[in-house]
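Here is the structure we will look at, set down as structure tokens.
The values are calculated or read from the model by the stated rules, or taken from the named source; none is laboratory data. Quick caveat, the model's predicted, so the values are computed rather than measured. Cβ atoms come from the backbone with ideal geometry, glycine included; neighbour counts cover every protein chain shown. For accessibility, only protein heavy atoms count, side chains too; no ligands or nucleic acids. Shrake-Rupley method; radii C 1.70, N 1.55, O 1.52, S 1.80 Å.
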Amino acid sequence: MTAIDPTAHLTAEQIEELGRELDAIRDEVIADRGEKDAAYIRKVISAQRKLELVSRGVLLFSIFPPAWIIGTAGLSVAKIMDNMEIGHNILHGQWDWMRDPKIHSTTWEWDHVSPADQWKHSHNELHHTYTNVIGKDNDLGYGIMRVDEDQKWHPFHLGQPLWNFLNACFFEYGIAAYDLELGKNLHKRRRKNPEFRARAKAVGRKIRKQVLKDYVIHPLLSGPSFLPTLAATFTANLVRNIWTHSVIMCGHFPEGVQVFERRSIKGETRGQWYLRQMMGSANISGSRAMHFMTGNLSHQIEHHLFPDLPSNRYAEVAVKVRALFEKYELEYVTGPLPKQVFSAWHKVFRLSLPNRKPKVKTPDREKELVAA
């Protein structure tokens, strides 16, 4: 919610025309997707499974330092692939058109403590619908951070750099927590809600399954390498969590990315929804390998415009989308990973402190921001 609206120069007609042009880009990809795309995701899944199997096999001998290093590195990459390019995108329904029951959003489960069905609700239905809308998008600050200068500051916010770091280290558990909306559901009355209790039990079962696989069965199979394998698996999960958190932070939190008030989306048209996705997201520039390791979420703008398009098509779509940014004189927020990470963390630190100059707010706006 910047003082100057970066989209104010656009007329209502231009915004709807922008929407039609973006619809045309999406329709073109949908009409063209086919066997080449299907072969891509099957190849990625096969490569990930082989890498994880080999890495876990190497870690059986992790008592030897070279085996520990190779196995840990391989398992870290395999876990990132599972969560980013495979799990995240399959659960978005990007590959449902293949009608393959083994690679479908309704049947896929991932290497993550958050059950797939709960993640799809909080991410696909809420985050992608209400992108960067304060009080509606739980991904925005994960419910633990101040994300805009117009939000009322509390002393609690001084700790948000620490909260953010801890969230990064244990990110999969943080996601599971806000999928459950613990902030509001831990109230005594809501804890007794049958629906919440059922979802909490599902998360508990998933956590037990993940812990049993990573921290009990695999280390036990390693025999004398029990402790090194335990440490290797913990390290791989830590690497995956920090990498995933960094990519997502870079997609919605760098300087230049806009946030929105709840009242701003009332009566929102298709064109206005597209425009909010464009202004509420940021990209990461880099090599093809870097794009792959981010699950192509380095093309966060394109992903938010077209969340159900195959991820391997975002690079080609990005060229056309960026041209539309230029045509409509909008800022395409992008940059290399170090720059975007620094920008996001700088914002975390900056907003942990009270504003230097008090903001002037209308009574309605103040009420809305406090409620958020």
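Tell me, what HN-Hα J-couplings in whole Hz come from the Karplus equation 6.51 cos²θ - 1.76 cosθ + 1.60 at θ = phi - 60° for each residue of segment 213-225, using x for Gly and Pro?
5, 7, 10, 10, 5, 4, x, 5, 5, 7, x, x, 8
Using only the Cα atoms, work out Rg/Rh for segment 1-41, with Rh taken as the Kirkwood radius, to two decimals. List each step's numbers first, then the result.
Values: Rg = 16.7 Å, Rh = 13.0 Å.
Over the Cα atoms of segment 1-41, Rg/Rh equals 1.29.
Expressed as a whole number of Å, what is the distance separating the alpha-carbon centroids of segment 279-317 and segment 87-124?
18 Å
Hey, what's the Cα Rg ratio for segment 58-163 versus the globular rule of thumb, 2.2 N^0.38 Å?
Relative to the rule-of-thumb radius for its length, segment 58-163 sits at 1.46.
Bins of 5 Å, beginning at zero and ending with the bin holding the largest distance: percent of Cα pairs per bin for segment 197-282, please.
Values per bin, smallest distances first: 3, 12, 12, 12, 11, 11, 12, 11, 7, 6, 4, 2, 0.
Which of VAL211, PRO115, GLN272 sits closest to the plus end of the dipole of segment 12-352, meaning its Cα is farthest towards the positive end, when Lys and Arg get +1 and Asp and Glu get -1 on the C-beta?
Highest projection toward the positive end goes to VAL211.
With +1 assigned to the C-beta of every Lys and Arg and -1 to the C-beta of every Asp and Glu, and no other charges, what is the dipole magnitude of the chain about the Cα centre in debye, to the nearest 20?
1680 debye
Under 10 Å, Cα contacts only: if you run a Gaussian network model on the chain, which one of VAL216, VAL259, VAL333 comes out with the highest mean-square fluctuation?
In this elastic network of the chain, the residue with the biggest mean-square fluctuation among VAL216, VAL259, VAL333 is VAL216.
What FRET efficiency comes out for the pair CYS169/ALA198, r = Cβ-Cβ distance, R0 = 25 Å, nearest 0.05?
Once rounded, the FRET efficiency stands at 0.30.
Using heavy-atom solvent-accessible surface (probe 1.4 Å) with all chains present, what is the largest-first order of PHE170, PHE325, PHE342, PHE260?
Largest accessible area first, the list is PHE342, PHE170, PHE260, PHE325.
Mean 1/r over all different Cα pairs, inverted: what Kirkwood radius does segment 68-123 give, in Å?
12.0 Å is the Kirkwood radius here.
Mind putting together the pair-distance distribution for the chain? All Cα pairs, 20 Å bins, whole percent per bin, short to long.
26, 58, 16, 0
Would you mind checking the tilt of helix 270-279 against the longest principal axis of the Cα atoms of the chain, expressed as 0 to 90 degrees and rounded to 10?
The angle comes out near 70 degrees.
Could you give each residue of segment 105-113 its phi-based ³J(HN,Hα) in whole Hz, using Karplus coefficients 6.51, -1.76, 1.60 with θ = phi - 60°, and x for Gly or Pro?
After applying 6.51 cos²θ - 1.76 cosθ + 1.60, I find 5, 8, 10, 6, 10, 10, 7, 7, 6 Hz.
On a 0 to 90 degree scale, rounded to 10, what angle separates helix 160-169 from the longest Cα axis of the chain?
40 degrees
Please sort by residue number the GluC sites (Glu not before Pro) in segment 82-159 whose DSSP state is loop and whose Cβ has at most 14 other Cβ atoms within 10 Å.
Answer by residue number: GLU109.
GNM on the chain, C-alpha springs below 10 Å: top fluctuator among ASP96, ASP27, ASP150?
Result: ASP27 has the largest fluctuation of those listed.
Taking all protein chains in place and a 1.4 Å probe, what share, in percent, of the accessible surface of segment 12-352 do carbon and sulfur account for? Walk me through the intermediate numbers first.
Details: 9850 of 15520 Å².
Of the solvent-accessible surface of segment 12-352, carbon and sulfur hold 63 percent.
Just from the alpha-carbon atoms, what are the Rg and Dmax of segment 12-65 in angstroms?
21.8, 66
Amide H neighbours of SER285 under 5 Å, counting only residues 5+ apart in sequence or on other chains, H built in-plane at 1.01 Å?
Hits under the 5 Å cutoff: GLY335, LEU337.
Can you give me the solvent accessible area of ARG197 with a 1.4 Å probe, rounded to the nearest 10 Å²?
Accessible area of ARG197: about 120 Å².
Each residue of segment 329-342 in turn: what ³J(HN,Hα) in whole Hz from Karplus with 6.51, -1.76, 1.60 and θ = phi - 60°, glycine and Pro shown as x?
3J(HN,Hα) across segment 329-342, in whole Hz: 6, 10, 7, 8, 6, 7, x, x, 3, x, 5, 5, 5, 4.
Could you pull the accessible area for CYS169 with a 1.4 Å probe, rounded to 10 Å²?
20 Å²
So which residue, out of ARG276, ARG146, ARG288, gets the largest mean-square fluctuation from a GNM of the chain using Cα contacts under 10 Å as springs?
Fluctuation is largest for ARG288.
Given a 1.4 Å probe and the protein chains all in place, what does the accessible area of GLU331 round to, in Å² to the nearest 10?
120 Å²
Extension gain LYS339-ALA231, at 0.36 nm per residue separation less the Cα-Cα distance, in nm?
Here the segment from LYS339 to ALA231 would lengthen by 35.8 nm.
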